[in-house]
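Report on one structure; see the data block that follows.
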Amino acid sequence: MKEKDYTLDTYEKLLMAFERKGYTFQAFEDFVSKEHSGKAVILRHDVDRIPINALKMAQIEHKLGIRASYFFRVVPQVWNTAILEGVVHLNHEVAYHYEDLTLTRGDYEQAITHFETQLARFRAYYPSKTICMHGSPMGRWDNRKLWERYDYRDYGIVAEPYFDLDYSKVFYITDTGRAWNNSSISVRDKVDSGFDIPVRSTFHLMELLAKDQLPDHIMINTHPHRWFDPGLFWYRELLLQNVKNVVKSVLVKATR
Ligand SMILES: [Zn+2]
């Protein structure tokens, strides 16, 4: 059977493959706080939806002794303090995936107040020192523009991936659109990369790694909601099937 991509199992294999090649894993806040000589992967997760998947990835990383960065949105479908606490407990960095300009419909004053309030909510769980923009490709507002009028450093933030990483030195890849480096999908979630290395799949990424064709510094940005456990889908299918059977039995009874 052909192995499925974008499963938690494949993700774990990818992490182990990097470890075998001598890469260390770093949370974003740790990476920006020091100079790097060896090979390093910054593991960044943008939690846009289905936060329970973030907790699953966090568990896998923790099992392998890896610390990563989790950027959570504050919209109701993502904000879940039990999950935040769980991810913090697993020794990961937890920080704000901000979209204040979108949420306040482009009102800069409201947006910065909103930003400050949300940052305080995060800091009740983790001393967040970094932030990362949520870039909705269809959105009207570019949330980064908030920093044309304000300075995140005034709020104790030391780094934002879109502003504070040199992508001519750090190879950036993201799982957007169920393909790595799919530049046609998201207009905003792009950086000016110094590398031209197309990555077709997670298995292809592992192949490039095995052939030593990857740079020393890499940021891997994944969206946990794009990674699933086939077991879960299997289980959901079973539940659906049960519901269908219940419905069927009700219908059968009704027609008797
Ligand atoms: Zn996002």
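Just so it is clear, none of the values below were taken in a lab; they were calculated from the coordinates. What you see is a predicted model, and the numbers here were worked out from it, not measured in a lab. As a convention, Cβ positions derive from the backbone with ideal geometry for all residues, glycine included, and neighbour counts pool all protein chains shown.
Structure values in brief
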quantity: The stretch 8-230 - percent relative contact order, Cα under 8 Å, separation 6 or more; calculated: 25
quantity: Size of electric dipole in the stretch 8-230: Cβ of Lys, Arg +1 and of Asp, Glu -1, about Cα centre, debye, nearest 20; calculated: 420
quantity: Over the stretch 58-124, relative contact order from alpha-carbon pairs under 8 Å, at least 6 apart, %; calculated: 30
quantity: Tally of Lys pairs whose C-alpha atoms are under 24 Å apart, taken over the stretch 8-230, 8 or more apart or cross-chain; calculated: 24
quantity: Rounded FRET efficiency, nearest 0.05, which uses the C-beta distance separating MET138 from LYS4 and R0 of 22 Å; calculated: 0.20
